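First the structure, in the form of structure tokens, and then the observations on it.
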Amino acid sequence: LPDSHGLETFTRAHAAAFDVPIIVLSELDDEELALQTVQLGAQEYLVKGRVDTFLLHRALRYAVGRAQAEAQLASERELLHTLLENIPDRIYFKDRESRFIRINRALMELFGLSKPEEAYGKTDADFYGAEHAQDALHDEIQVMETGQPLLGKVEFETMADGRRTW
């Protein structure tokens, strides 16, 4: 195009139509540019003179398929996020060291936090009394080692600030 070149052309087009799959067809046979373009959101990077009808057709088919899959995945993520944030049960995810990596609104409110990220990287010991935190860690280790859930367990929790809750 006479008024823009390379990556600039792609970034402007992508910004203007973010949800439209874009295949870059360029005269430049530049692996680094191709990788950068795909990392920024292009579905494919093809080099002129190396493209036949079959390759172009396949690239178009794959680009549309990936765009549809990405839209479906985004929809599922939004549904999961809405469920997690609005369910009254306290839900959390932890890493293998038992540190919170995600909590929902109900648990955030129990902990007295203004945003969920304030819990990330922390453990039960940061929010509960020592005895409850130790019991919870034991339960989590058991679940990780056996792969079996703990069902029907009712707990009376003592928070680090002394509050008690079921």
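List of remarks:
- As a fraction of the 1.4 Å probe accessible area of the chain, surface on carbon and sulfur atoms comes out at 55 percent.
- Look at (i) 11.0; (ii) 10.5; (iii) 14.8: the one that is mean projected area of the Cα convex hull in nm² derived from this structure is (iii).
- Region 94-166 shape via C-alpha gyration tensor axes, a/c threshold 1.5: oblate
- Inter-label distance, nm, simple model (7 Å from Cα along the C-beta direction), Gln134/Asp89: 2.9
- For region 1-49, a crude dipole built from +1 on the beta carbon of Lys and Arg and -1 on the beta carbon of Asp and Glu, taken about the Cα centre, is about 180 debye to the nearest 20.
- R0 of 41 Å, Cβ-Cβ distance Gln36-Leu79: FRET efficiency to nearest 0.05: 0.80
- Fully extending the segment from Asp19 to Ala125 would add 33.8 nm, taking 0.36 nm per residue of separation and subtracting the current Cα-Cα distance.
- Whole-number D in µm²/s for region 37-97 (Stokes-Einstein; Kirkwood sum over Cα pairs; 10 °C, 1.306 mPa s): 105
- Where the chain is the region considered: accessible area per residue in Å², 1.4 Å probe: 71
- Span-rule helices in the chain, defined as complete DSSP H runs reaching 15 Å or more along the axis (Cα) with Kyte mean at least -0.5: 6-16, 53-86
- GluC sites (Glu not before Pro) lying in DSSP loop within region 86-119, provided at most 15 other Cβ fall within 10 Å: Glu97
- Nearby lysines by direct alpha-carbon distance to Lys94 (threshold 23 angstrom, same-chain neighbours under 8 apart not counted): Lys115, Lys122, Lys153
- Amide H contacts under 5 Å for Tyr128: Ala160, restricted to partners 5 or more places along the chain or on a different chain, H placed in the peptide plane at 1.01 Å from N.
The values are calculated or read from the model by the stated rules, or taken from the named source; none is laboratory data. Predicted, not measured: the structure shown is a model, and the values here were computed from it. Don't worry about glycine lacking a Cβ; one is built from the backbone with ideal geometry, like all the others, and counts go over all protein chains shown. The protein model used for the area step is the full one, side chains on, heavy atoms only, and it has no ligands, DNA or RNA in it. Shrake-Rupley method; radii C 1.70, N 1.55, O 1.52, S 1.80 Å.
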